[in-house]
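Let me begin by presenting the structure, written as structure tokens, before commenting on it.
The values are calculated or read from the model by the stated rules, or taken from the named source; none is laboratory data. What you see is a predicted model, and the numbers here were worked out from it, not measured in a lab. Reconstructed Cβ throughout: ideal geometry from the backbone, glycine too, with neighbour counts over all protein chains shown. Accessible surface areas use protein heavy atoms only, side chains included; no ligands, DNA or RNA. Shrake-Rupley method; radii C 1.70, N 1.55, O 1.52, S 1.80 Å.
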Amino acid sequence: MESLTQPPPVFAFSRRIRKTPYEKRVMEQAPKSMTIYNSTPLMTVFRSPQEDYEHLCEHVQIWDVSCERQAEIAGDDALRLVELITPRDISKCKIGQCMYAPLVDENGGIVNDPVLLRLGKQRFWLSTADSDVLLWVKGIAYGIGYYTSIQDPDVSPLAIQGPRADDLMADLLGEEIRQLPFFRFVRESLAGTSFYISRSGWSGQGGFEIYLEEYRKGLDLWDCIWEAGQKYNIRAGCPNSIDRVERGLLSYGNDMTLNENPYECGLDRFISEDKKAECMSSVALKEIRDRGITHKLVYLLIQGEPLTTPREACTVNDESGVARGCLTSIAHSIRFGGNIAFATVETQFSIPGQRLFIEMGSDKLLKATVMSKLKE
Ligand code: THG
């Protein structure tokens, strides 16, 4: 990228950029960088990616993830509608259970990859990644004439992540919270507000997510957790690039878009080929499965200096310099001894051990190797 000759312009916040209930406390912790996700600020670095990572792996962090907006689907046809938009079998989802449920369109393209929460027999929250799920779902429901109510409720998730998350939440909510299984949620209350709390979160270090339903209680909730967290060395944090690539968590808009299908992204296990309910992507997905995929998302280990994700996808070449794909995310991982990355490459170049070359910047070529899954 060209070097800037003057400081970048100041970001203009307006009513189109949502405010979060925790923002005041987040800013007091002097974050170094942020992005916009679902029209909401999301911090990306507090001290440095490495320092944030080391703290996350050892202690506990509090993350403002209000950007994970909920699309609420309720009403007599709520289950039918949810079944229609995801290839996952939602009939198996119990009340109080979360499911990672990629949304897939009629061509097999990924629309979003939300965490679905089943709040009732006919009431769901889709905890969305960064794309317009609310409008997509409203359009479908209206077009078909399903009886549903679809809204963007006043819900602002707050994640408590890291190895001391259980100790901290047990101090606040009681010992039983330790027994909450992965991707289950219960109703709890704290700081004068009640909320759902799930064992989930976008990190490999474990923890909880609290779905605050009263915006005006945000600071009280933050302060209450912050105070109790002092003995566990709590810090404000955010999804960490190193941790999430190590963990193999995909980022919608970076590692996958509407142009990719779940087979190309290694999300095969979230496609229930035998699901009974009507599903808009089932014909396309069956066709893709039978035909075979042309591209695949792979993990790469890349030599050289520490790198961070570039704004534009970098070209991935084969040994003879022919472009075979592009890089979608990078982080520098001490644990894996180099830069770890995701890239989409032609299927014949996706086999572990395959050597590839990354075009970074002007004339730099970096050596890379396709890895089998990074996740243990
Ligand atoms: N939590 C909540 N909402 C979210 C995210 C979250 N919305 C946006 C984004 N993150 C959605 N993407 C993901 C991707 C992966 C996971 C969660 C959200 C995840 N995956 C587990 C894994 O890969 O190990 C488990 C998947 C499974 O087996 O069901 O946790 O973080 N509320």
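Side notes on the structure shown:
- When 321, 266 are screened for being of a type outside the set (Val, Ile, Thr), open to solvent by 40 Å² or more (accessible area, probe 1.4 Å) and part of a loop (DSSP other than H, G, I, E, B), only 321 passes.
- Filtered by the rule that a residue be open to solvent by 40 Å² or more (accessible area, probe 1.4 Å) and either basic (Lys, Arg) or more than 19 Å from residue 130 (Cα to Cα) (or both), the stretch 21-39 gives 24, 25, 27, 28, 29, 30, 32.
- Residues in the stretch 302-318 that are among the acidic types (Asp, Glu) and open to solvent by less than 40 Å² (accessible area, probe 1.4 Å): 1 in all.
- Yes/no for residue 91 being outside any loop (DSSP other than H, G, I, E, B) and open to solvent by 30 Å² or more (accessible area, probe 1.4 Å): yes
Here is a yes/no grid of residues against (1) within 16 Å of the ligand (Cβ to nearest atom); (2) surrounded by fewer than 21 Cβ atoms within 10 Å (Cβ to Cβ); (3) under 19 Å from residue 61 (Cα atoms):
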| position | (1), (2), (3) |
| --- | --- |
| 176 | no, yes, no |
| 190 | no, yes, yes |
| 203 | yes, no, yes |
| 218 | no, no, yes |
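- For first residues located in the stretch 229-257 and free of Cβ contacts under 8 Å to residues at least 12 places away in the same chain and within 16 Å of the ligand (Cβ to nearest atom), partners that are open to solvent by 20 Å² or more (accessible area, probe 1.4 Å) and aliphatic (A, V, I, L, M) and lie 6+ apart or on another chain with Cβ distances below 6 Å do not occur.
- Residue 165 open to solvent by less than 30 Å² (accessible area, probe 1.4 Å), within 16 Å of the ligand (Cβ to nearest atom) and among the aliphatic types (A, V, I, L, M): yes
- Some residue of the stretch 56-69 being closer than 24 Å to residue 306 by Cβ, open to solvent by 10 Å² or more (accessible area, probe 1.4 Å) and outside any loop (DSSP other than H, G, I, E, B): yes
- Single unsatisfied condition, residue 83 versus (1) surrounded by 23 or more Cβ atoms within 10 Å (Cβ to Cβ); (2) outside any strand (DSSP E or B): (1)
- Cβ-Cβ under 6 Å pairs, at least 6 apart or on other chains, the stretch 334-356 side closer than 18 Å to residue 366 by Cβ and of a type in the set (Ser, Thr, Tyr), far side open to solvent by 70 Å² or more (accessible area, probe 1.4 Å) and modelled with pLDDT under 95: none
- Residue pairs whose Cβ atoms lie under 9 Å apart, separated by 6 or more positions or on different chains, with the first residue in the stretch 200-214 and part of a loop (DSSP other than H, G, I, E, B) and the second near the ligand (Cβ under 8 Å from one of its atoms) and of a type in the set (Lys, Arg), are 202/247; 203/247; 204/247; 204/375; 205/247.
- For the residues 153, 181, the requirement of being over 20 Å from residue 56 (Cβ atoms), open to solvent by less than 40 Å² (accessible area, probe 1.4 Å) and either part of a loop (DSSP other than H, G, I, E, B) or free of Cβ contacts under 8 Å to residues at least 60 places away in the same chain (or both) singles out 153.
- Verdict on residue 290 being over 26 Å from residue 165 (Cβ atoms), within 16 Å of the ligand (Cβ to nearest atom) and surrounded by fewer than 15 Cβ atoms within 10 Å (Cβ to Cβ): no
- Exclusive hit being without any contact (Cβ under 8 Å) to a residue 40 or more places away in the chain and open to solvent by less than 10 Å² (accessible area, probe 1.4 Å), set 126, 116: 116
- Total residues in the stretch 119-148 satisfying the condition of being within 16 Å of the ligand (Cβ to nearest atom) and part of a loop (DSSP other than H, G, I, E, B): the figure is 5.
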